[in-house]
Amino acid sequence: MARKSKIAKAAKLQRKYLEALAQGRKPKFATKVFNVCSVTGRTRWYLGKFWVSRIVFREKANAWELPGVRKSSW
């Protein structure tokens, strides 16, 4: 997977950000924290509730791997 380093970097920054908040101090660089898909590493069209991008969300929803998600039709 080509984006493992991007996923690892985002997780590291998120962890540092949360540690700073837990210690009651302001994070040094709050704007560096960004959300990435936990599977592909995409930063765009990220669904925070499921921690995945739209592409992975659609694949998992069609495979019934996401609880509480149904395909809508009208």
Selected residue (criterion: farthest from the chain's Cα centre (by Cα)) from residues of region 5-37 that are in a helix (DSSP H, G or I) and of a type in the set (Val, Ile, Thr): Thr31
So which pairs qualify, if the first residue must be in region 52-69 and farther than 22 Å from Ile7 by Cα, the second must be in a helix (DSSP H, G or I), the Cβ gap must be under 6 Å, and the two must be at least 6 apart or on different chains? Val69/Ala61
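This table checks each residue for (1) loosely packed, with under 15 Cβ neighbours inside 10 Å; (2) in contact with a Ser or Thr (Cβ under 6 Å, 6 or more places away or on another chain).
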site	(1), (2)
Lys6	no, no
Lys9	no, no
Ala20	no, no
Lys26	yes, no
Lys32	yes, no
Cys37	no, yes
Trp45	yes, yes
Lys49	yes, no
Arg70	yes, no
Any idea which of Arg42, Arg3, Arg54 is modelled with pLDDT of 85 or more and of a type in the set (Lys, Arg)? Arg54
Scanning region 51-65 for residues that are over 21 Å from Ala10 (Cβ atoms) and hydrophobic (A, V, I, L, M, F, W, C), which turns out surrounded by the most Cβ atoms within 10 Å (Cβ to Cβ)? Ala61
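The values are calculated or read from the model by the stated rules, or taken from the named source; none is laboratory data. This one's a predicted model, so the numbers in the text were calculated from it and none came from an experiment. Neighbour counts run over all protein chains shown; Cβ positions are idealised from the backbone, glycine included.
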